[in-house]
Amino acid sequence: MSITSVGHNIEDRVPDKQGGQSVELTSDKHDKSDAKSAQLKSAVLPLERLFALQLQSFFIGALSLLAGIFIWHLATKYNFNYFINFENVPSPVKVGGSFLTHLGDPEFYIHIAVSIRRILIAYSIAVVLGVITGVIVGRSKLARAAVLPYIEIVRPIPAVAWIPLAILMWPTEESSIVYITFLGALFPIILNTLHGVDQTPDVLVRAARSLGASKFAVFYHVVLPAALPSIAAGLAIGMGISWFSLLAGEIISGQYGIGYFTWNAYSLINYPDIVVGMLIIGGLGTLSTYLIKLIMKPALRWKEKQR
């Protein structure tokens, strides 16, 4: 053993005067502090990297939108007419001016509020019935055989095709619009819930039953958590389609709603307002879908930890 290593050993450990046992000196303390600082750095770095990635994604998305608006501006300025005709399409400047004008109009906010109210009513009913139906159909072969044919027949019918029948079925225009919007959200929720229940690993179900779990315990602790990712996807898709269906349903409304606002602008040949209505619907649909994902995020935290 070299003299240097012996010297380090002597400096690192000295006999304790009271118990005769060796005690650690400053070198071990420095090692522990270095380990703690390394752990703190390793915890901070992923947060900084995540923030940088989110910031990068935001800037890329903003640049992409600006590029799209610039192409739109060029197409309307030079009257692009090759397969797609931009001669009558309003420019971004005209649409922006029309939007700013409507921001000072109280009736514009009434249109938005009425549409949001209809979405909330129709979507809430669709969530309750869709998730319950999807779970029952997914867990029961008898229910699947009885209910699935109706779903597959009714699901492909577009919202516009329901308008005449909805007017005949429901006593008021308001209930007809809510019904059409409800149908748009219902089927994606049912099918995604059904898919999630079907994808539950049988091994987990058998393991829970072998440990004495009841049917309710198996459903609550095994089937439902396994199906939650698909249910969350169905809720997000259903929200987007419900806005699409709302636009079709509000065509039959003679008073308020952002869909009615857009259709009325088309009837009055007010082209900027048509685009304003379309962008409002797109913005509200995007925001509501994001809120659904945000609400479901705590329930899916276990899935993120597996990555």
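No lab work stands behind these numbers, since they all come straight from the coordinates. Being a predicted model, the structure only gives us computed values, none of them experimental. Glycine also receives a Cβ, built like all others from the backbone with ideal geometry; neighbour counts cover every protein chain displayed.
Give me the number: length gained by fully extending residue 81 to residue 66, i.e. 0.36 nm times residue separation minus the C-alpha to C-alpha distance, one decimal in nm. Walk me through the numbers on the way to the answer.
Working: separation 15, 0.36 × 15 = 5.40 nm, distance 2.21 nm.
Residue separation times 0.36 nm, minus the Cα-Cα distance, leaves 3.2 nm.
Pairs of Cα atoms under 8 Å, at least six residues apart: use those to get the relative contact order of segment 92-305, whole percent. Kindly include the intermediate steps, with their values, before the conclusion.
Numbers: 257 pairs, mean separation 56.9, N = 214.
Dividing the mean separation by the residue count of segment 92-305 yields 27 percent.
Got a sec to turn the phi values of segment 171-176 into Karplus ³J(HN,Hα) couplings, 6.51 cos²θ - 1.76 cosθ + 1.60 with θ = phi - 60°, whole Hz, x for Gly and Pro?
Rounded to whole hertz, the list is x, 10, 5, 4, 5, 5.
Report, in debye and to the nearest 20, how large the dipole of segment 183-307 comes out about its Cα centre when Lys and Arg carry +1 and Asp and Glu carry -1 on their Cβ.
On the way: 9 positive and 5 negative charges, 157 e Å.
Computed about the Cα centre, the dipole is about 760 debye.
When the Karplus curve 6.51 cos²θ - 1.76 cosθ + 1.60 is applied with θ = phi - 60°, which whole-Hz ³J(HN,Hα) does each residue of segment 272-279 get, with x for Gly and Pro?
x, 5, 4, 5, 4, x, 4, 5
Given contacts defined as C-alpha pairs under 8 Å and at least six residues apart, what's the relative contact order of segment 126-205, whole-number percent?
Answer for segment 126-205 is 51 percent.
Mean separation of Cα pairs under 8 Å and 6+ residues apart, divided by the residue count of segment 192-307: what relative contact order is that in percent?
After rounding, I find 24 percent.
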